[in-house]
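Asks: Just dropping this structure here.
The values are calculated or read from the model by the stated rules, or taken from the named source; none is laboratory data. Quick caveat: nothing in here was measured; it's all calculated off a predicted structure. Neighbour counts run over all protein chains shown; Cβ positions are idealised from the backbone, glycine included.
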Amino acid sequence: MSFSETSADAIYAGATVITMDPTQPRAKTVAVRDGLIVAVGDDALQECCRGPSTRLVDLRGRTLLPGFHDAHCHLLSSVARLLAVDCSPDKARSISDIQTLIRRGASQRAPQDWIRAAGYNEFYLQERRHPDRKDLDLAAPNYPVRLLHRSGHAMVLSSRGLSAVGITAATSDPPGGVIERDLDGEPTGLLLGAVDHWDALIPRLPEDEMRAGIRTLLGRMIAAGIVAVQDATVSNGFERWRFLCELDGAGDMPLRVSMMLGAEKMGEFADYGCPTHPVSGNVSLGAVKLIVDETAGEVYPALPDLEQTLFAAHMAGFQTAQHAVEGRALEAAVTALGRVLERVPSPNHRHRIEHCSLCPGNLRRRLRELGAVVVTQPSFIFYSGERYLATVAAACQSDLYPLGSLMREGVVLGAGSDSPVSDFAPLLGIYAAVTRRAANGSLVAPGEAISPDDALAMYTRNAACSSYADSFSGSIEVGKNADFVVLSADPTHCEAETIKEIRVEATVLEGKLVYKA
């Protein structure tokens, strides 16, 4: 227990305090002054730190945790998903359902407008196939239509949509992407990979809609107990940075945002005279994001190119974050990182692998040897577990989201939602990490389950560590920001099946109440 000689602004008492500080895991009372934690301890703090103007917050047996961090999401894509026609599996179980939803959405738009729909997953459709341009044409023949896959890594365009972006039988596949074609060589409308390439050709949402949408999105994140997010969008550059700073300046950024930037955008910040890691209010610049993927049997980018890009970022002082899901792509990402660190070692580099969804033992050991940080998505176990069990070879299923094995290896393991791919509610991800249950009740690699305390660490201390924010957030310790979430129950002392039912009752950011249920 630590004390302060000056009275606190507020004392949070009557709580189960889970600090995520290994030196003091549990407490009962926390004192706050000027937005910082000044004392953590037992009930005696109420007398030691209380002054005539101190506000006593009696939590009446609720649980106080560090505010949650979402270490991997996509803010503007999440806003676009909020504003799109919802074709997710709980809304559409067939292509006919998708057509009905798109038809309804088109009825509210002028003919020249794009119809944006999102969230479909072919695995959960009766037809067990992707829709094609002909399906979309039947739903909205007079409109350009874009239907985004739930993963965010594929889309379907209607015939008018293909024409609008200039895709014909003569169009070449873009780097890292595939235009699916029929037997006559004509595009079917399905575009795999390179989504940012195609999105750049589609008109943006009107700015007033985007600004209103981001206010709604961030308000919902705050209500989920989230105090900080990392935007992992590979197309982020100086223009996106400026947009986020403008939102913050207008008071529309109620939580902290760390913006990753695409590898090809690094020079933009130097061109504009920015320091390597600028901070503007609630907005900071994060890691350099790279996509390492296997499309049509080839890993892109090729290993020498990947190593060169990583090395350039490393030498410029940037942290890197490689999107690498499985197989040869994940192996390439780990190999390239190893080569870079062999050339120029760095003791606290915190270079990251994003997703790491199907990770065998040899790569887990290599990640630990390299000191890499892994940021993965436990909520995918819940939302996509049924599909994994049906499509991943039985011999490989024990390597699906190997949270337990990675932690036992000593890898720093943080969590994000990848929103809009899955819901950003941290408690659902914590539930999935602990129970390993899919939405249909199936167990997914149950041997990789972790404890509630370890799952909480993924969304607090470790997620903060993944963006160098652990010096001021992610745990309840003296000197750190008073970033808290108040829960209706203790996730470490309740039935595991009920974790996802726990309610967020309040969120506090730097000592200020920003959400109350």
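Asks: Report yes if Ala39 is in a strand (DSSP E or B), out of contact with any His (no Cβ under 8 Å at 6 or more places or on another chain) and either surrounded by fewer than 17 Cβ atoms within 10 Å (Cβ to Cβ) or of a type in the set (A, V, I, L, M, F, W, C) (or both), otherwise no.
Replies: So Ala39 passes the test.
Asks: Further, regarding this structure: Can you name every residue in region 21-32 that is buried (at least 20 other Cβ atoms within 10 Å of the Cβ) and either more than 32 Å from the chain's Cα centre (by Cα) or not hydroxyl-bearing (Ser, Thr, Tyr) (or both)?
Replies: Of everything in region 21-32, those that are buried (at least 20 other Cβ atoms within 10 Å of the Cβ) and either more than 32 Å from the chain's Cα centre (by Cα) or not hydroxyl-bearing (Ser, Thr, Tyr) (or both) turn out to be Ala27, Lys28, Val30, Ala31, Val32.
Asks: Give the residues of region 393-421 that are aliphatic (A, V, I, L, M) and over 14 Å from Ala455 (Cβ atoms), sorted by residue number.
Replies: Of everything in region 393-421, those that are aliphatic (A, V, I, L, M) and over 14 Å from Ala455 (Cβ atoms) turn out to be Ala393, Ala394, Ala395, Leu400, Val411, Val412, Val421.
Yes/no matrix, rows are residues, columns are (1) within 23 Å of Ala489 (Cα to Cα); (2) touching a residue at least 60 places away in the same chain (Cβ under 8 Å):
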{"residue": "Pro22", "(1), (2)": "yes, no"}
{"residue": "Asp34", "(1), (2)": "no, yes"}
{"residue": "Ile37", "(1), (2)": "yes, yes"}
{"residue": "Ser53", "(1), (2)": "no, no"}
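Asks: Considering every residue within region 9-16, establish whether at least one is loosely packed, with under 15 Cβ neighbours inside 10 Å, touching a residue at least 24 places away in the same chain (Cβ under 8 Å) and in a loop (DSSP other than H, G, I, E, B).
Replies: no
Asks: Another question, if that's okay. Give me the residue from region 369-397 that is surrounded by 17 or more Cβ atoms within 10 Å (Cβ to Cβ) and of a type in the set (Ser, Thr, Tyr) and, out of that set, nearest to the chain's Cα centre (by Cα).
Replies: Per the stated criteria, the residue is Thr376.
Asks: For Asp184, which of the numbered conditions (1) surrounded by fewer than 19 Cβ atoms within 10 Å (Cβ to Cβ); (2) under 22 Å from His149 (Cα atoms) fails to hold?
Replies: (2)
Asks: So, one more: In region 453-475, what residues are surrounded by 20 or more Cβ atoms within 10 Å (Cβ to Cβ) and either of a type in the set (Phe, Trp, Tyr) or within 13 Å of Pro378 (Cβ to Cβ) (or both)?
Replies: Scanning region 453-475 gives Ala455, Leu456, Ala457, Met458, Tyr459, Asn462, Ala463.
Asks: Of all residues in region 347-366 being of a type in the set (S, T, N, Q) and either crowded, with 19+ Cβ neighbours inside 10 Å or at pLDDT below 95 (or both), which is farthest from Asp293 (Cα to Cα)?
Replies: Asn348
Asks: What is the residue count in region 154-181 for residues that are surrounded by 20 or more Cβ atoms within 10 Å (Cβ to Cβ), modelled with pLDDT under 95 and either touching a Lys or Arg at 6+ places or on another chain (Cβ under 6 Å) or not hydrophobic (A, V, I, L, M, F, W, C) (or both)?
Replies: Qualifying residue count, region 154-181: 2.
Asks: Is at least one residue of region 338-355 of a type in the set (Gly, Ala, Ser), out of contact with any helix residue (DSSP H, G or I) (no Cβ under 7 Å at 6 or more places or on another chain) and more than 22 Å from Ser467 (Cβ to Cβ)?
Replies: Checking region 338-355: not a single residue is of a type in the set (Gly, Ala, Ser), out of contact with any helix residue (DSSP H, G or I) (no Cβ under 7 Å at 6 or more places or on another chain) and more than 22 Å from Ser467 (Cβ to Cβ).
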